[in-house]
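Student: Quick one: structure below, then a few questions.
Just so you know, all these numbers are worked out from the coordinates, no wet-lab data involved. None of the values given here were measured: they were computed from a predicted structure. Heads up, the Cβs are rebuilt from the backbone with ideal geometry, glycines too, and the neighbour counts pull from every protein chain shown.
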Amino acid sequence: MTAEFAVGVMTGQFECGMCRVASACRHCDAHNCTSGCHARNRKHNNIARVLAKAAKDAGLEATREPDTHGLLLEEFTKEECRRIFPRQPSQDYKEAFLLLQQAIEHVRSPECKLDKTGKEALLKQRLDAMPALSKKDLRGLRIDINIVNPTTEEARWIDVTAVSTSSPSYVRKEAEHICARDGIKDLMAGFSAPMLRATISPVIAGRERQKREKYANLVAIANRQHERGSRAQKPQFVAFVITNTGELGNEATDLMEWLVAQYKAKCLRSGPRDDGLTVKELVTSFRKQLYLNIQMELANGVGLTINQSGLYRTGH
């Protein structure tokens, strides 16, 4: 945002073109302002694109925003998937889903004495009892990327999130965390104790927890499919969280190192190369490029978000 806009906001001359409230714009968070929505979506999609490309380079299969119907091996219809996995579940939904889970487990168990028609009727009854969909849930819940190792059928279900730790709702908690972390560093200075892994930002930890809760029902169904033998491996859900300052969550770092390990395995299978590059050189280059591309797409997205946020109208 320009200095002209900042002065205009303070005097009430300008207002945010989307927020439409001049007095509040001085407090408008660039990373939450609705006029920057397109830029934030672009940042999110580009980070997901980098991860998907790295997975393919490592010899894995990567699918962006796969249909939940196919992701769950077509056990449920597309309409049922939207009903079972809304994007924003309410408390009524959670209670109804628990009853649906119990019904599914009952009809799959050997103790169930119902015939096929009775089983279908019971499941339909539970599905019909699910709360009506809101307009926001017409598409249903989807993951951002499905990465599968075609050899082992090992799967990673990834949800990408970029969060601003400078947002008004986060900044105090983040500042307290930084002060505490720096205090520990000062305390350990001069001692020969082993290096301690830096504690993760509470904002990242909180967002990872929220994402795991959001996708818990989807993962639970997939795990039950594995237990029944219809799925070779239990999928591992990954909340890929990165802050606008470039700090990665533990799950994000683990995923990237897993991709590096998969790329190394691919290089070892391929054998010697004509260009003479060693496996170590190839892996080092892959890791460096992966981390760099993630940070570059993050920086581009943050810059575009700041550029588009607070777009204003002067009445001319």
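Student: So which lysines can Lys124 reach, going by Cα to Cα under 26 Å and dropping same-chain residues fewer than 8 places off?
Tutor: Hits, sequence-local ones excluded: Lys78, Lys94, Lys113, Lys116, Lys135, Lys136, Lys214.
Student: Something else: How charged is the neighbourhood of Asn46? Take every other residue with its Cβ under 15 Å from the Cβ of Asn46, and add Lys/Arg as +1 and Asp/Glu as -1.
Tutor: For residues surrounding Asn46, the net value is +3.
Student: Compare the peptides 148-154, 273-279, 75-81 by average per-residue count of other Cβ atoms within 10 angstrom and give them in order, highest first.
Tutor: Sorting 148-154, 273-279, 75-81 by mean packing, highest first, produces 75-81, 148-154, 273-279.
Student: Oh, and also: Could you state the number of Å between the C-alpha centres of region 222-299 and region 158-172?
Tutor: So the separation of the two Cα centres works out to 23 Å.
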